[in-house]
Every structure is written in C-alpha cells, then in structure tokens.
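To start, the structure under review is shown below, and the notes come after it.
The values are calculated or read from the model by the stated rules, or taken from the named source; none is laboratory data. Keep in mind it's a predicted model, so treat the numbers as computed, not measured. Cβ: placed from backbone, ideal geometry, glycine included. Neighbour counts: every protein chain shown. Note: accessible area is taken over every heavy atom of the protein model, side chains too, but ligands, DNA and RNA are not part of it. Shrake-Rupley method; radii C 1.70, N 1.55, O 1.52, S 1.80 Å.
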Amino acid sequence: MRGALKVTYIDGTEEYYEVDPVGDNPELAENLKTFLTSPNLTLVLPNEILIIPSTSIRHIAVTRSDAALPEAELDAIPGVFLGATRIIG
C-alpha cells in the first residue's frame with residue numbers, strides 16, 4: 001500500500017515523499033512505537049539515504065489508501081488517538 005509522506009519543517013517549508021507506511025507488515029503497531037521514539041526520520045531513497053533530525057520537523061503527515069489497521073494495538077500506544085477528525089476553521 002503506497003501513501004504520501006508530508007514533512008513540514010520548523011521554518012514552514014514542506015517536502016513530500018511516496019512511501020509504503022503499512023505494506024503487508026503485521027508488526028505495524030510495534031514499528032510505529034519504535035518510529036515515535038526515534039530521534040530522526042530516515043528515508044531510504046533510490047540513490048541516497050536521507051536522515052532528517054526530528055528537531056527540524058514541526059509535524060509529519062502520512063496519507064494512505066484504505067487499509068485495515070490494528071486499532072486495538074494502535075490504541076495501546078501512548079499519544080495515539082483513534083478516530084480523530086481534522087477541524088478546519
């Protein structure tokens with residue numbers, strides 16, 4: 001399953017990447033837990049490895065196609081909220 005990763009930096013600039021945030025990996029919740037504790041965002045691109053320090057990032061958004069997520073496992077991770085809705089206004 002492919003998705004879009006949007007990285008918004010502290011200075012307001014944005015970068016987009018095509019990623020596979022879930023794939024067929026049954027360890028999604030554990031991988032997310034590990035990712036959330038990492039000091040860097042590391043992307044393996046075709047010709048380079050890009051390491052973005054988390055201190056440079058304001059926020060990260062991952063847009064994904066529909067896929068069943070292990071909500072019970074995700075809900076057990078501190079700081080993860082299920083069923084959120086973006087409010088514009």
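Mind counting the residues in segment 43-56 that are assigned to a strand (DSSP E or B), open to solvent by 90 Å² or more (accessible area, probe 1.4 Å) and either in contact (Cβ under 8 Å) with a residue 24 or more places away in the chain or farther than 18 Å from Arg2 by Cβ (or both)? Looking only at that region, the number is 2.
So that you can scan it fast, the table gives a plain yes or no per residue for (1) surrounded by 10 or more Cβ atoms within 10 Å (Cβ to Cβ); (2) out of contact with any strand residue (DSSP E or B) (no Cβ under 9 Å at 6 or more places or on another chain); (3) assigned to a loop (DSSP other than H, G, I, E, B):
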| site | (1), (2), (3) |
| --- | --- |
| Leu36 | yes, yes, no |
| Leu41 | yes, no, no |
| Arg58 | yes, no, no |
| Ala61 | yes, no, no |
| Leu74 | yes, yes, no |
| Pro78 | no, yes, yes |
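Selection of segment 63-72 for residues being at pLDDT 80 or above and open to solvent by less than 70 Å² (accessible area, probe 1.4 Å) yields an empty set. When the test is whether a residue is modelled with pLDDT of 80 or more and on the phi > 0 side of the Ramachandran plot, Gly79 passes it.
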